[in-house]
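To start, the structure itself, in structure tokens.
Read the figures in this text as sums done on the coordinates, not as results from a lab. Treat the numbers as computed from the prediction; the structure is a model and nothing was measured. Ideal geometry is used to build each Cβ from the backbone, glycine not excepted, and the neighbour counts take in all protein chains shown.
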Amino acid sequence: MMSSLPPFLIFFLAALIAPFLSPWARKGFLLAVPILGAVNMFSFTNGSYYSIEVFEFTLSLVRVDKLSLLFGTIFHLAAFIAILYSLHLSDRENDSAGGHPDIEGPASIQHISGLLYIGSAVGIIFAGDLISLFIFWELMAVTPILLVLARGTDSARNAGMRYLLMQITSGVILLTGIIARYHEVGSLSFDHIGLNGLSGTLILLAFGIKACFPLLHNWAPDAYSEATPTGSVFLSTFTTKTAIYVLARSYAGTEILIYIGAIMAALLIFHALLSNDYRRLLAYSLINQLGIMVCGIGIGTPLALNGAVAHAFASTIYQGLLFMVMGSVMTMTGRVKGSELGGLYKSMPRTAIFCLIGAASISSVPLFSGFATKAMTLSAVIEQEYLYVWLALLFASAGVFIHTGIKLTYGTFFSHDAEIQAEEPPLNMQFAMLIAAFFCILIGCAPGLLYGMLPFAVDYEPFTAAHVLTQYQLLLFAALAFTLLKISGMFPPDTPSINLDAEWTYRRALPRTVHWFIQVFGPLDRWFRNTCIRQIERCINIIFRHHGPEGMMARASSAGNMMLWVTLLLIVFLVLNYL
Amino acid sequence: MTEPEKKHLFDDQRNVKRVVLILFVLCGLSFVAEMFVHLHPKHPWESVFNFYSLYGLMTCIMLVLIAKMLRFFIMRREDYYDE
């Protein structure tokens, strides 16, 4: 339907218009953008639109099918929630709604950065060829950087630069992969790619950076824990889910993803459990959830793919809800570390309830969203007889309940009273959390609504007695383990500290190695250069001695002298002639 | 803003004990309930009696203990990267 605009364009146009509106008009306008965007998006029917000829390539800016429409839907919903959550922000420092303006950052740059970022993410979802994908991929790397920098601290600036470096690296690898693919297959269509040849590996690596593959994952905890409260809500929603979308489209059924996903889901649980910064903890639990999706994509059966994308849909909402909860706590108390929080259920009871709903959803408690979606992937894994992967995912399910479901909720709201003077966050933040909580429960209670939107027909019943019982057994006994360890004092307490992770290589080892290199080879280099300079100076001196103003070769003779010598020579010739 | 003298739900230690007691009871009930529900196991391990309960309990205890040991190797001061 050509009367509709490309979905990404709505957000880009909005980012151009928003700065010129008055603060109040801007609030209404910002809220209307994702609604307009959704209406525009749903006016498309399946097919390709907006084809542009560039040299010999045909770019397809809008490709609509069930998969892109599912991600488009969740992105517009998440955009609405995130924008609503950020509406109280102000550009004037003393105009904050009871929060900490120095933590929250200015409104304008965050709103505009957010709109451009959402537009780029939506652009990726609807891109029909690899060149359009690359353009939006790079835009999505650059546009959200202000959401980190808006915090204004040195550590945020450094984290922002590290984030940018990783994202740009992903873009460069993607471009190399796309060029290689054009040489290999002569086509740039964005469909199934698979792990064939150099291009398949490079493109998977580029996608893997954004999807937080093991060892490439550290940008997420790093940037999410340094961004503004609003920034982390935006960031946690779009980048990684876009990566899941591109993996589902291009690498479904690639076996290595099963193992990569299992490692992502099971290994970083330890870091999540030990994190003192709760937004860092949430970033690790986000990677844990991504692992389950990556695993489902690797299995590649209709049930597994349905499970992966359904889980992406549900996790976007509950992960966003949990980031919003911690953002609210941070905004209202100025703190976000476990060692500084506690007892907030007294002063922020509504936020505590939202946190419990988010925690129940991520922990897959029956009747909450995670239960209806995660189980599809787990069923697919055991059906394909990947026993150890299944055990790893089951361990991850119990683990996420321990670190996010219990530790985060308990540490923030119910542990020892840290006697913090706080209030509930501004109303817009509460409404945003309410909407997210509503969808967590809606998907949990009526999963058929979501199942109907999935790319393949769904023949799955989550609410069997056996499934509900086994899930309760897993969770209740995990809670029992937590309780017993807590009572016996064996549960590691939150202490002001950080934990080493893959970032150690580029934040510590690499700078240290460069420093060592300079220390060892610096003197050698200095000696070599000094020796060379001395030899050159000697040469110059010798030349100067012979050719300088006082030099032998530069001595001048008078005209009289010359005449005398010429006369003498002529006399010698004359004498010789007569002999 | 809350009143300083207002008593909250978990200020009373008896309520904390009640929550723990409810957890124990629920664990016991879910343990026993397996006798009355057919599980349709997809893998032989699932048919082990209370496999999910035992797996949840054991892996979580293991998770916490390993994480605690891991702290010796990976825990650093907050200003570690600023040095």
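General remarks:
- Linear extension gain, A:ALA554 paired with A:THR169, 0.36 nm per residue minus alpha-carbon span: 132.5 nm
- Helical contribution to [θ] at 222 nm, DSSP H n ≥ 4, -39,500 (n - 2.57), averaged over chain B, rounded to 500: -19000 deg cm²/dmol
- Farthest positive-ward along the protein assembly as shown dipole, Cα basis, beta-carbon charges - from B:PHE31, A:PHE42, B:ILE66: B:ILE66
- Taking a sphere under 11 Å around the Cβ of A:ASP277 and counting the other residues whose Cβ falls inside, with K and R at +1 and D and E at -1, yields a net charge of -1.
- Listed pairs A:LYS346/B:LYS17; A:LYS486/B:LYS17; A:LYS210/B:LYS42; A:LYS374/B:LYS17; A:LYS66/A:LYS241 exceeding 25 Å between Cα atoms: A:LYS210/B:LYS42; A:LYS374/B:LYS17
- Counting neighbouring Cβ atoms within 10 Å and putting the fewest first, the residues A:THR143, A:THR58 line up as A:THR58, A:THR143.
- In degrees, nearest ten, helix A:23-42 long axis to first principal axis of chain A (Cα): 80
- Cα shape, segment B:9-82, gyration tensor, a/c 1.5 rule: oblate
- About its Cα centre, segment A:1-121 has a charge dipole of approximately 320 debye under the convention of +1 per Lys or Arg Cβ and -1 per Asp or Glu Cβ, with nothing else charged.
- Relative to the longest principal axis of the Cα atoms of chain A, helix A:387-400 runs at roughly 80 degrees.
- Given R0 = 35 Å, the distance between the Cβ atoms of A:ILE179 and A:ASP65 translates into a calculated FRET efficiency of 0.85.
- Inter-site label distance for B:MET75 and A:ALA25 at 7 Å from Cα along Cβ, in nm: 5.6
- Cβ crowding within 10 Å ranks B:PHE36, A:PHE213 as B:PHE36, A:PHE213, fewest other Cβ atoms first.
- Mean per-residue shielding of peptide A:481-491 is 4, counting Cβ atoms of other chains within 10 Å of each Cβ.
- Helix-only mean residue ellipticity at 222 nm for chain A, each DSSP H run of n ≥ 4 adding -39500 (n - 2.57), per residue, nearest 500: -22500 deg cm²/dmol
- Formal net charge of residues neighbouring A:VAL400 (Cβ-Cβ distance under 12 Å; K, R +1; D, E -1): +2
- Here the dipole of chain A is about 1160 debye; that uses its Cα centre as origin and unit charges on the Cβ of Lys and Arg (positive) and Asp and Glu (negative).
- Rounded, prolate or oblate (a/c below 1.5 giving rounded, otherwise prolate when a/b exceeds b/c) for segment A:1-248 by Cα gyration tensor: oblate
- C-alpha long axis of helix A:559-578 to longest principal axis of chain A, angle in °: 50
- Ranking of A:GLU184, A:GLU56, A:GLU461 by count of other Cβ atoms within 10 Å, fewest first: A:GLU56, A:GLU461, A:GLU184
- Rounded if a/c under 1.5, otherwise prolate or oblate - the protein assembly as shown, Cα gyration tensor axes: prolate
- Positive-end residue of A:LEU449, A:VAL468, A:MET552, charge dipole of segment A:405-563 with Cβ unit charges: A:MET552
- Summed side-chain charge close to A:SER232 - residues other than A:SER232 whose Cβ falls under 14 Å, Lys, Arg +1, Asp, Glu -1: -1
- Stretching the chain fully between A:ASN577 and A:CYS532 yields a gain of 10.4 nm (0.36 nm per residue, less the alpha carbon separation).
- Charge dipole of segment A:252-501 (Cα centre as origin; +1 on each Lys and Arg Cβ, -1 on each Asp and Glu Cβ, all else neutral): 340 debye, rounded to the nearest 20.
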